[in-house]
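Student: Below is the structure I would like to discuss, written out as C-alpha cells.
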Amino acid sequence: MTDDESAIRTVCEAFGRAMQAMDIGALENLWDSSYGHLIYQPEEYPTACTTWDEIVAYWNYIPGVIDRIVEWREIGADVALLGDAALVYWTCLTAFEFKDSEDQLAGEIRFSLGLRRTASGWRLIHCHESRQLIVG
C-alpha cells in the first residue's frame, strides 16, 4: 500500500468514526468545502446534496432522527488512485437505533467516495451511500 492509499484509507476510517459519533465538526474537517462540485447522496434522500450548506444541513439532521449508531465496522475498501484524485469503493456493516422507536436498521452500507489532494491532505468531495439490508 502506498503512502497516498494509506492516507486515503485513514480519511475513510475517520469518516466512519465521525459518523458513528455524529461529530459534525470532525465530518467537516474531512471534506474540501471549497470545491465547487460537491456531491453527497444520502441513502434516505431522493436527491443529492450538492452544496456545502446542504451537506452540513444533512449531517445536522441525523441526530434528530437517529438515537445512536450502534455499529460501524469496515468490511472492505478498494482505493483507485488517479494522480491528485482518488475513488474508493468502501463497504461497512452498520446498525442504527432511531429516536422514539424500538426498531433498528442494520445492514451493509456501500459507499462510492471521491477524494482530491489538497494542501491540507486528502479531502472528500463526493459520497454516495447505498444499503444492502439484512432482512429477517
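The values are calculated or read from the model by the stated rules, or taken from the named source; none is laboratory data. Predicted, not measured: the structure shown is a model, and the values here were computed from it. Note that each Cβ is placed from the backbone with ideal geometry, even for glycine, and that neighbours are counted across all protein chains shown. Heavy atoms of the whole protein, side chains included, go into the accessibility calculation; ligands, DNA and RNA do not. Shrake-Rupley method; radii C 1.70, N 1.55, O 1.52, S 1.80 Å.
Student: Let me have the 222 nm mean residue ellipticity of the chain computed from DSSP H runs of 4+ only, each contributing -39500 (n - 2.57), with the sum over all residues rounded to the nearest 500.
Tutor: My calculation for the chain gives -9000 deg cm²/dmol from helical runs alone.
Student: Right, here's the next one. Shape call for region 1-52 from the C-alpha gyration tensor, a ≥ b ≥ c root eigenvalues: rounded (a/c under 1.5), prolate (a/b greater than b/c) or oblate?
Tutor: prolate
Student: Order E129, E74, most accessible first, counting only protein heavy atoms with a 1.4 angstrom probe.
Tutor: Heavy-atom accessible area, descending, gives E74, E129.
Student: Taking Cα atoms, how many degrees apart are the long axis of helix 3-21 and the longest axis of the chain, rounded to 10 and kept between 0 and 90?
Tutor: It works out to around 20 degrees.
Student: Against the longest principal axis of the chain, how steep is helix 52-65, in degrees 0 to 90 to the nearest 10, with axes from Cα atoms?
Tutor: Rounded to the nearest ten degrees, it is 30.
Student: Please give, to one decimal in nm, the separation of the simple spin-label points placed at V65 and A7, each 7 Å out from Cα toward the Cβ.
Tutor: 3.5
Student: I'd like the projected area of region 1-111, averaged over all directions, using the convex hull of its alpha carbons. Report it in nm² with one decimal.
Tutor: With every direction weighted equally, the projected area is 7.4 nm².
Student: Okay, next question. Taking a 1.4 Å probe, which of H37, H128 shows the most accessible area, and what order do the others take after it?
Tutor: Final ranking, largest accessible area leading: H37, H128.
Student: For the chain, what relative contact order do you get, as a whole percent, if you take Cα pairs closer than 8 Å and at least 6 residues apart?
Tutor: Over the chain, the number comes to 24 percent.
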